Structures are given as structure tokens and as C-alpha cells.
Amino acid sequence: MSTHLMSTYNRQPVTFVRGEGVRLWDEQDREYLDALCGIAVTGLGHAHPDISDAICEQARTLIHTSNVYGVHWQSRLADRLAAISGMDRVFFSNSGAEANEAAIKLARLHAHNRQIDDPQILVMETSFHGRTLATLAATGNPAIQKGFEPLVGGFLRVPYGDLAAIEQMAAKHDNIVAVLVEPVQGEGGVRPAPMGYLGGIRALCDRYDWLMMVDEVQTGMGRTGHWFGFQHVDGLLPDVMSLAKGLGNGVPIGACLAAGKAANLFAPGNHGSTFGGNPLVCRVAHTVIAVIERDQLLQRAVTLSTRIRTGLAAEFSGEPAIVEIRGLGLLIGIVLDRPCGELVRRALDAGLLINVTANSVIRILPPLVLSDAEADEIVTRLVRIVRDWLAENAEQVSD
Ligand SMILES: Cc1ncc(COP(=O)(O)O)c(C=O)c1O
């Protein structure tokens, strides 16, 4: 690895050079099973032929002009995103953090329209919203904020899943203007919103004229078995939604969508991005939506989720170190009773890509295009790796 790279990641000792579907190959041509998808990005797997064709055709036609002109694929993608989400308008960014920055700016404009000059956005403990200055301040993880003080102000924090805590905040503060929430906390330990939580937030937002802003960067684009995580609640529509990751299957694109009154907050000059929504990335994202629809991958995510979770539950039944298997769709967490970060390396050595989050939660985010056999292979391999590791740990404890 080059010493000229800034040291922002603890990298695993592997470099991948090629991929196809759920499989990756490293520089030594060793094969790996990718149950992580670049952390929820390559939902259609690697080198998907429709995506590769879209990239090549558009690269030969037109990659970039500017947002000071009309952009054909940007308009087409905005129309498709509005249709599948029920939202009204879209701003295109290049990443999830930037999509959330746009959301935070919308909340500030909403505040100023309401003549609130010290607005607060309610955010959650153990949340993750990105690494820019505003989004790291919104993030509920002190380790991510450390060293970057003074933090951007204007955020009030409550525990995730606790509707009463939000009501208490509402009683104490009359300058709250928005709530920013993940339908499932991914980085926070694969924690799905409890029953009634998102609907309860919607009701409070309506009561107090707050914007309900959902961060769907990890949960969006079919990952949970619906297009978007909020769609698991019948009839729910947020005011603002942020997207990225799976939207481009690996090309950098993010989006901030808004509905109703929030959709008309930005005016020319309020926000922008040089690269945001260029013809190349928008055509790819448009193709991602078309493939998910054509191949019925939302239904497939549900079926695969059941298959994987049932498999894991059967294999791990009676294993006291496994506390819980939880998640939504193909965002699956296996909660252990102990820190298990070293499993990432163990799995890598065994040819399987996984991730550990919140110290003791194995997170898998396999692609939506898995075959049944590949789903079973992920389960079999993961179970063996965890069992071997637990057996070794038990020996160490008894030594
Ligand atoms: C829920 C959520 N929001 C925002 C982000 C930040 O996205 P990006 O890394 O594209 O800036 C992430 C990334 O992991 C995320 O999971």
C-alpha cells in the first residue's frame, strides 16, 4: 500500500483487482465471497453487465457538462426517484454525507422561514450520518467527533428508538425544526427502528411543524426489501430523504429528496455541486432502478433475507455467544456477547468479506442478486468461521 496515502483507514491486507456478481479476486487471483458490497454499495454485485454497458455507452456519449445547463439523465432519474419514493423533488450530490448536508441546509431554511434563528435538529445516539463537519456533528459517536471540535452546532441528541425522549425534548425546546433518523441504524449496530417509532416521529413532526428527515444512505435502494426503509411503515412519507451508496452501484452519486413544503425551500444560489448529477452517474443510477424493477429484486431481497436469517438461526441455535440475529432485508446483524472485531480478518483469510460494527455485531450486506446457492454458501462459511473462533476463544478462557 502506498505510503503517500493519508492514513484515514485501517485497511485489510488485500487488494482486489476484479469482480463478478458476488465474487471478488485479489492480486494473487484468490477468490472471495463478498457479503459486504463495499458497505451496501454494490447491491447489483460486481461488473453487472447492464451497469457496465450503461457506463461505457454514456462515457462514449457525454460524461459531464454542468448544472448550469439541462442534464437529460438527471431529469429522467429525478422522475424515477420521485415515482418510486413518493417524494417531489431531488438535489443530486456525490456522496451520502453531502446528501445529508443538503438535508441539514433544508432544515435551516425551514427554520428561517419560521423565524427561528437558533434552530436545532433532533439526532440520535449511535447514529451515523457522515464525516463532513456538519454530518459528523449530527453523528452520535464521540470517537468520530474527537479532534474536530468546535463542532457545528444546532443538534440535540436523544436515544434511538425512544419516542418519549423526543416528546420530552419538544416540551423543553421551542426551537426544534427537524428530526434526522435512520430507519435502521447500520453503523450503530444494525438496529431497526422499533415498531411505531417512525410513525410516531411523523406525528410529532406534523404536530410541531418539524421536518421529518430520514437518512436512507445505507437502507435505501432495495437493501431492506422495499425501495426505502421508511416504506415498511404503511402510508408514511418523510419530508426529506437522503440517499447514496446503492443508488449508483459504485459510481459516486448521492441524492437529497424532499416532499411538500420542503421541496420548494432551495432557490437558485442556495446550494450546488459541480459534479452532482452528471450524465454518467445519473444514467447508471437510472439503470440500477431499471434492473431492480426488471429482476424483481425487492421481492428477492425479502426471500433471500428469510433464507439467510433462517439458516443462521438454525445453525446458531443453542449457541450462547449469539445474542440476537436482527436487521431488515439484506441488512443483517449477528449480535455477539463479546467484542468480535477480529472476525473480519479471520473471515477475510477464509475468503469471505464481512464487517463488524458497534464492536460486537457482525454485519452482512450481501448483494440483491445472490443465487440461493450463494446465499447458503455465505451462511455455511460464516457459521464455520464464527464457530471456530468461538471454540478457540473458549479454550483461551479455560487455559
Ligand atoms: C446512514 C449513513 N449515512 C451517511 C453515510 C455517509 O455516506 P458517505 O460515506 O457516502 O458520505 C453513511 C455511510 O456509511 C451511512 O451509513
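If you restrict to DSSP beta bridges whose two residues both lie in the chain, what percentage is antiparallel, to the nearest 5? Approximately 65 percent, going by the DSSP bridge assignments.
Given a 1.4 Å probe and the protein chains as shown, Glu149 ends up with an accessible area of around 110 Å². The order of Ile39, Ile201 by accessible area, most exposed first and with a 1.4 Å probe, is Ile39, Ile201.
Debye calculation, C-alpha points only, no solvent: report log10 I(q)/I(0) for the stretch 248-300 at q = 0.19, 0.23 Å⁻¹, in the same order as the q values. Per q value, in the given order, log10 I(q)/I(0) is -0.82, -0.96. Simple spin-label model, 7 Å along Cα-to-Cβ: Ala267 to Ile39 in nm? The modelled label-to-label distance comes out at 3.8 nm. Ligands, DNA and RNA aside, Ser305 has an accessible area near 10 Å² when probed at 1.4 Å. Helix content alone sets the calculated 222 nm mean residue ellipticity of the chain: runs of n ≥ 4 DSSP H residues at -39500 (n - 2.57) each, divided across all residues, give -12000 deg cm²/dmol.
Average 1/r across all pairs of distinct alpha carbons in the chain, invert it, and you get the Kirkwood radius: 21.9 Å. Using a Gaussian network model of the chain in which every pair of alpha carbons under 10 angstrom is joined by a spring, one finds that among Ala83, Ala285, Ala267 the greatest mean-square fluctuation is at Ala267.
Taking Leu122, Leu151, Leu77 as the candidate residues, the one with maximal mean-square fluctuation in a Gaussian network model of the chain, Cα springs under 10 Å, is Leu151.
Kindly sort Phe275, Phe266 by accessible area of their heavy atoms, largest first, with the probe set to 1.4 Å.
Values: Phe275 130, Phe266 55 Å².
Putting Phe275, Phe266 in descending order of accessible area: Phe275, Phe266.
Dipole magnitude of the chain about its Cα centre, charges +1 at Lys/Arg Cβ and -1 at Asp/Glu Cβ only, in debye to the nearest 20? Can you show the working numbers first?
Values: 34 positive and 44 negative charges, 150 e Å.
With Lys and Arg at +1 and Asp and Glu at -1, about 720 debye.
The values are calculated or read from the model by the stated rules, or taken from the named source; none is laboratory data. Bear in mind the structure is a predicted one, so any value in this text is a computation, not a measurement. Neighbour counts run over all protein chains shown; Cβ positions are idealised from the backbone, glycine included. Note: areas computed on protein heavy atoms with side chains; ligands, DNA, RNA excluded. Shrake-Rupley method; radii C 1.70, N 1.55, O 1.52, S 1.80 Å.
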